[in-house]
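Chemist: Mind looking over this structure? Questions follow.
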Amino acid sequence: MKKDFFTYQAQTTPHPLALEISHAEGSYIYTTDDKSYLDFIAGVSACSLGHRHPKVIDAIKEQLDRYLHVMVYGEFIQETPVQLAKLLAANLPYPLEKTYLTNSGTEAIEGALKLAKRVTGRSELIAAKNAYHGNTMGSMSVMGFEERKQAFRPLLPDVSSISFNNYDDINRITERTAGVILETIQGGAGFIVPHHEYLKKVKQRCEAVGALLILDEIQPGFGRTGKLFGFEHYGIIPDILVMGKGMGGGLPIGAFTASNEHMSTLQDRPKLGHITTFGGNPVIAAAALATLKEITESDLMSATLEKEKLFRSLLKHPLIKEIRGIGLMLAILTPTAEIANQVILKCKDEGLLLFWLLFKPAAIRVTPPLTISNEEIEIGCKQILRVMDLIYSETESL
């Protein structure tokens, strides 16, 4: 199968990890050579409830017995997407009341950018340096990393950038600005959290000039920071909320949510202002609905903050400069990219899965399922420290 993987399936990097997967359960992934791997990646923050959570599997099976795809988005009334949108509204502050379901986070970003332009009648978009919002053309246009963009230009025009957490740059938001798009917590840049008043100041400026604030919660969303969405830590409400990854229970989904007034602008002039064939798919919506219910009805979110404390108490080492992030969205900063690479690859060989961050090569991603146990955290952290001890001793002997 490995030969076929490299022969027939397009690759995104020159050197993929290329584990040949047999099955997955809970916090573990198993390969066809009978090895088990403790998963500290969770599909890059996507498997909020771990692998094959029984409530998600039951919801999928129940929907499979009823019907699969029946119509393009927004024409037929289907129970699971309606209930998902309703439950989201019940758990979000007013006026975030109407949700458009998509196939992925990047597609939701595309819809959010269109909505900001449609509502305001303006063209300028402002994004943050070192931002990542996806890899389709609109999302790439608001990516803050030129090395990843230059091969695909020209992209969307009239896009400006500001520095995240820079208060002076906020004044660059003007009456020309349709939307300001920010990650609530910058993911690819190294899990950088906003300064205490930063998002409030951005929101106030947007209100003053009539621009819309779009918050990208594709990574922090669905409980990963100890609240359902990261913005709840900072006392603001975005005009447009974007989500994805962790909302699907392991299935592909995204969504953007705004007020009823804003969302209504996509219905007419032109009709089909945003359209998708498979967005809101009933099987995927069933998985997302089960995921949302489990996260909001259990103690997973409060437990996430306790698990963060456990990680921080255990992960102390000369090769760990800093641990960034909130909850189970954590990044271990090492002295160099080479050290980060060694830790990730040696831990993989020892049965622990870690991963990189897009724009911070010296950082190590730690984003396990929210359902991970304290015992599993301790096992994984011991493995990280053992590997770091080995690397440190080799470095000291040079």
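Chemist: List the lysines whose alpha-carbon lies under 16 Å from that of residue 117, not counting same-chain residues fewer than 8 positions away?
Modeler: 271
Chemist: Classify segment 60-216 as rounded, prolate or oblate, taking a ≥ b ≥ c as the square roots of the eigenvalues of its Cα gyration tensor: rounded when a/c is under 1.5, otherwise prolate if a/b is larger than b/c and oblate if not.
Modeler: Details: a/c = 1.94, a/b = 1.63, b/c = 1.19.
It is prolate, given that a/c is not under 1.5 and a/b is the larger ratio.
Chemist: Okay, moving on. What whole number of Å gives the distance from the Cα centroid of segment 301-377 to the Cα centroid of segment 265-291?
Modeler: 35
Chemist: Percent relative contact order of segment 250-331, based on C-alpha pairs within less than 8 angstrom and at least six residues apart? Could the numbers behind the result be given before it?
Modeler: Values: 28 pairs, mean separation 17.0, N = 82.
It rounds to 21 percent for segment 250-331.
Chemist: Need one number: the % of Cα-Cα pairs in the chain sitting beyond the 37 Å mark. Each step should come with its number before you reach the end.
Modeler: Numbers: 16729 of 79003 pairs.
The proportion of pairs with Cα distances above 37 Å equals 21 percent.
Chemist: Over the chain, what relative contact order in percent results from Cα pairs under 8 Å that are six or more residues apart?
Modeler: Values: 803 pairs, mean separation 90.4, N = 398.
Taking the mean separation of contacting Cα pairs over the length of the chain, I get 23 percent.
Chemist: Right, another one. So what's the angle, to the nearest 10 degrees on a 0 to 90 scale, between helix 337-349 and the longest Cα principal axis of the chain?
Modeler: Rounded to the nearest ten degrees, it is 70.
Chemist: Right, another one. Compute the angle between helix 54-64 and the longest alpha-carbon principal axis of the chain, please, reported from 0 to 90 degrees and rounded to the nearest 10.
Modeler: Around 50 degrees separate the two axes.
Chemist: Could you work out which residue, out of 98, 382, 227, moves most in a Gaussian network model of the chain, that is, has the largest mean-square fluctuation with Cα springs under 10 Å?
Modeler: Answer for the Gaussian network model of the chain: 382.
Chemist: Would you work out if segment 323-398 is rounded, prolate or oblate? Take a ≥ b ≥ c from the square roots of the eigenvalues of the alpha-carbon gyration tensor; rounded if a/c is under 1.5, else prolate when a/b is larger than b/c, oblate otherwise.
Modeler: On the way: a/c = 2.09, a/b = 1.33, b/c = 1.57.
Here segment 323-398 falls in the oblate category.
Chemist: OK, next. Using just the helices of the chain, give the 222 nm mean residue ellipticity in deg cm²/dmol: DSSP H runs with n ≥ 4 each add -39,500 (n - 2.57), and the total is spread over all residues, rounded to 500. Before the final figure, lay out the partial values.
Modeler: Numbers: 13 runs with 143 residues, N = 398.
The helix-only estimate for the chain comes to -11000 deg cm²/dmol at 222 nm.
Chemist: Calculate how many DSSP beta bridges within segment 55-297 are antiparallel, expressed in % of all such bridges and rounded to the nearest 5. Please report the intermediate quantities before stating the final value.
Modeler: On the way: 9 of 25 bridges.
Expressed as a percentage, antiparallel bridges in segment 55-297 total about 35.
Chemist: Right, next: What does the charge add up to near residue 307, with Lys and Arg as +1, Asp and Glu as -1, over the other residues with Cβ less than 13 Å from its Cβ?
Modeler: -3
Chemist: I'd like the per residue volume of the convex hull spanned by the Cα atoms of segment 30-120, given in cubic angstrom.
Modeler: Working: hull volume 15.7 nm³, N = 91.
Measuring per residue, one finds 173 Å³ for the Cα hull of segment 30-120.
Chemist: Among 289-301, 254-266, what's the highest-first ranking by average C-beta atoms within 10 angstrom per residue? Please report the intermediate quantities before stating the final value.
Modeler: Details: 289-301: 19.0, 254-266: 21.0.
Those peptides, ordered most packed to least, come out 254-266, 289-301.
Chemist: Starting from the amide H of residue 355, placed 1.01 Å from N in the peptide plane, find each other amide H under 5 Å away whose residue is 5 or more places distant or on another chain.
Modeler: 365
Read-outs: derived from the displayed coordinates by stated rules, not from any lab. Computed from a prediction, not measured in an experiment: that's the story for all the values here. So basically every Cβ, Gly included, is an ideal-geometry build from the backbone, and we count neighbours across all protein chains shown.
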